[in-house]
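What follows is a set of notes on a single structure, which appears directly below.
The values are calculated or read from the model by the stated rules, or taken from the named source; none is laboratory data. Computed from a predicted structure; not experimentally measured. Note that we place each Cβ from the backbone using ideal geometry, even for glycine, and neighbour counts take in every protein chain shown.
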Amino acid sequence: MKFMKNALVILAGGKGKRFSQKTPKQFYKIGNNTMISSFLENLDIKPFSVIVLSIDKKYRDKIKDNFKLIIQKNKIIFSEPGKTRQESSFNSLKKIKKYKIKNVLIHDAARPFCTNKLIKKILIKLKHNNNCIPFVEYNDRQINKTNKKDEKVINIHTPQGFDYNLIYNAHKKFKKERFSDDAGLIQKLNLKINLLKGEKENIKITYPEDLVYFNLLKKPTIRSGIGYDIHKIDKKTKNGLKLCGVKLPFSKLIGHSDADVGLHAICDSIFGALSMRDIGYYFPNTKSKWKNADSSTFIIYCKKKLIEKGYYITNLDINIIAEKPKINTFVTLMKKRISNLLNIEKNIISIKATTNEKIGFIGNGEGIAAEAIVQISNENIN
């Protein structure tokens, strides 16, 4: 489905005083991920020409590291937070004026559960309306304290969608007045508020106890990845082979680094599970920095990426393919080494070996290969 030129504003400049933590709630870690990173990782960016993050400068580096490719494509830009939510919103709108945006969605970073489905519904409604505001109804009966009559009460959520020029001009016109959200500006203009039934799960994290809901609502994800590596045997040597981080008394393999096919396969399996690139992308053989490098360095990098993205390994299966050497006596050492490098239990690691039945490159004793399959999860990471 084709959308008009759209922008998304994410307001993440609040101090979170009610959250009662040193770190603002939008940057508070849930497991090993922040609320704002969790939202951005699950966001479908295709409908948006630009995404504006209203974030204090001291928190931008983390975003820049994690979403480098999106930023390079000018999909994410930053704006300065104001003293109030309203100022932050207007600053962001001014930042994208040059983009000639048709519609803009304004979202609170403290609502990390907003789904792509809801965003799509809002964008569709904006094709024929100048605003679209999601809401949810209260299940409990509400009583007006003044006249004791039942009241129909709804809870307004974000993202709130607007015709860009409409909301920009409203902010400009009423900048000296104070509004709790952008929809209030539309009401001030005496325009019809176009409501859209929202999602009850799209809660706002305001107090520390709200994190309980975050963990209950966070949908666990289980992912898997496959890795494979192969290297030629250096028959001029008799020692120096490294497999799964352990030295074996056998001819070493030829490679730019230490040519540890076991660890390389593990790396690629983790990269695959995290939807990243291959090992050669991060540690290219064209860089002298990685000449004769210990492959444990690559594994440590993988562990760091798992932590950053909020995942942990639930199972790791490694298969070594070689005519020689026999690795049975080294399996325990290999499992211990991998366990230490990745900080995982040995009982979720399997290391097996097979020959190539004297067929082909490996079967002729010219090389050794390894393949790895990893399963990762973000469930109950706390």
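Things to note:
Conditions (1) within 18 Å of ILE226 (Cβ to Cβ); (2) crowded, with 19+ Cβ neighbours inside 10 Å; (3) at pLDDT below 95, marked per residue:
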residue: LEU333; (1), (2), (3): no, no, no
residue: ILE349; (1), (2), (3): yes, yes, no
residue: ASN356; (1), (2), (3): no, no, yes
residue: ALA372; (1), (2), (3): yes, yes, no
residue: ASN382; (1), (2), (3): no, no, yes
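- When restricted to residues that are free of Cβ contacts under 8 Å to residues at least 40 places away in the same chain and in a loop (DSSP other than H, G, I, E, B), region 336-357 contains 5.
- Residue match in region 278-287 (condition: more than 25 Å from THR314 (Cβ to Cβ) and either surrounded by 20 or more Cβ atoms within 10 Å (Cβ to Cβ) or in contact with a strand residue (DSSP E or B) (Cβ under 6 Å, 6 or more places away or on another chain) (or both)): no
- Any hit, region 276-284, residues being over 26 Å from SER37 (Cα atoms) and not in a helix (DSSP H, G or I): yes
- With respect to the conditions (1) of a type outside the set (D, E, K, R); (2) surrounded by fewer than 15 Cβ atoms within 10 Å (Cβ to Cβ); (3) at pLDDT below 95, ASN190 falls short on a single one, namely (3).
- Annotation: LEU341 fulfils all but one of (1) within 24 Å of GLY255 (Cα to Cα); (2) over 25 Å from the mean Cα position of the chain (by Cα); the unmet one is (2).
- Qualifying residue in region 251-267 (condition: surrounded by fewer than 23 Cβ atoms within 10 Å (Cβ to Cβ) and part of a helix (DSSP H, G or I)): no
- Test for SER38: is it touching a strand residue (DSSP E or B) at 6+ places or on another chain (Cβ under 7 Å) and either at pLDDT below 60 or assigned by TED's automatic domain parsing to the domain that holds ILE63 (or both): yes
- The residues of region 291-311 that are surrounded by fewer than 19 Cβ atoms within 10 Å (Cβ to Cβ) and at negative phi, listed by number, are LYS291, ALA293, ASP294, SER296, THR297, ILE300, TYR301, LYS303, LYS304, LYS305, ILE307, GLU308.
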